[in-house]
């Protein structure tokens, strides 16, 4: 996950059963997506692995990174491309030791410069700030400002992800401020996923610094 220009990073809805594999394929075929994060809650690892398998295959066929949310052990079991860690989900060093040098390890840093610098020092491959807008995906406890992206991208080469309530209509300030990735969920899965990905691609292109 390198980002010469801002790119789209999809996060799954909590329900990835039923026709979701078809929806994922439609979304990935609709426009440029660099990564997909598998995020399910309150099911055991065996069930999660069964749900993940077809989605991981869809991503692999399209050269899209398959990232597991929260669970280093599930990422290891699946041979995933990486893991995204919240502040209570384990250490970067442990993830690196278990997943290998090539794994992409991201860390949620909320609105904290300190947490982001710590993650970078520990060897994370990207940091994530947010929420930038109210989110329907999870409760908003931390509110980040685009100036945080501007500060980070001006000082550090480590890629930065913006997350939280991002839509095609409000993403322009985040792109302009230096976000390398826009992490989105409901804005894509809450409606026509292919149309949403296309709208994001257009909005990102228009917002890129010239």
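The values are calculated or read from the model by the stated rules, or taken from the named source; none is laboratory data. Predicted model, so just to flag it, every value in this text is computed and none were measured. Neighbour counts are summed over all protein chains in view; Cβ atoms, including those assigned to glycine, are modelled from backbone coordinates with ideal geometry.
Answer yes if at least one residue in the range 95-102 is closer than 19 Å to residue 208 by Cα, out of contact with any helix residue (DSSP H, G or I) (no Cβ under 7 Å at 6 or more places or on another chain), modelled with pLDDT of 95 or more and surrounded by fewer than 20 Cβ atoms within 10 Å (Cβ to Cβ), and no otherwise. Looking through the range 95-102, none of the residues is closer than 19 Å to residue 208 by Cα, out of contact with any helix residue (DSSP H, G or I) (no Cβ under 7 Å at 6 or more places or on another chain), modelled with pLDDT of 95 or more and surrounded by fewer than 20 Cβ atoms within 10 Å (Cβ to Cβ).
For the range 59-78, the tally of residues that are surrounded by fewer than 22 Cβ atoms within 10 Å (Cβ to Cβ) and in a helix (DSSP H, G or I) stands at 7. Take residue 196 and decide whether it is surrounded by 17 or more Cβ atoms within 10 Å (Cβ to Cβ) and part of a strand (DSSP E or B). So residue 196 fails the test.
Each row is one residue, and each column tells you yes or no for (1) more than 17 Å from residue 162 (Cα to Cα); (2) in contact with a strand residue (DSSP E or B) (Cβ under 6 Å, 6 or more places away or on another chain); (3) without any contact (Cβ under 8 Å) to a residue 12 or more places away in the chain; (4) in a loop (DSSP other than H, G, I, E, B).
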{"site": "5", "(1), (2), (3), (4)": "no, no, no, yes"}
{"site": "18", "(1), (2), (3), (4)": "yes, no, yes, yes"}
{"site": "27", "(1), (2), (3), (4)": "yes, no, no, no"}
{"site": "36", "(1), (2), (3), (4)": "no, yes, no, no"}
{"site": "43", "(1), (2), (3), (4)": "yes, no, yes, yes"}
{"site": "49", "(1), (2), (3), (4)": "yes, no, no, no"}
{"site": "57", "(1), (2), (3), (4)": "yes, no, yes, no"}
{"site": "80", "(1), (2), (3), (4)": "yes, yes, no, yes"}
{"site": "96", "(1), (2), (3), (4)": "yes, no, no, no"}
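Results for (1) under 16 Å from the mean Cα position of the chain (by Cα); (2) more than 30 Å from residue 78 (Cβ to Cβ); (3) at pLDDT 95 or above; (4) surrounded by 15 or more Cβ atoms within 10 Å (Cβ to Cβ), shown as yes or no for each residue.
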{"site": "166", "(1), (2), (3), (4)": "yes, no, yes, yes"}
{"site": "175", "(1), (2), (3), (4)": "yes, yes, yes, yes"}
{"site": "179", "(1), (2), (3), (4)": "yes, no, yes, yes"}
{"site": "208", "(1), (2), (3), (4)": "no, yes, no, no"}
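Annotation note: Cβ proximity below 9 Å between a residue of the range 158-181 that is over 12 Å from residue 6 (Cα atoms) and a residue that is in a strand (DSSP E or B) and modelled with pLDDT under 95 (sequence gap 6+ or interchain) occurs for no pair. Of the numbered criteria (1) modelled with pLDDT of 95 or more; (2) out of contact with any helix residue (DSSP H, G or I) (no Cβ under 6 Å at 6 or more places or on another chain), the one residue 4 fails is (1).
Here is the figure for the range 138-164: residues that are buried (at least 21 other Cβ atoms within 10 Å of the Cβ) and closer than 24 Å to residue 201 by Cβ total 9.
The residues of the range 118-169 that are more than 20 Å from residue 89 (Cα to Cα), in a loop (DSSP other than H, G, I, E, B) and in contact with a strand residue (DSSP E or B) (Cβ under 6 Å, 6 or more places away or on another chain), listed by number, are 132, 144, 159, 166.
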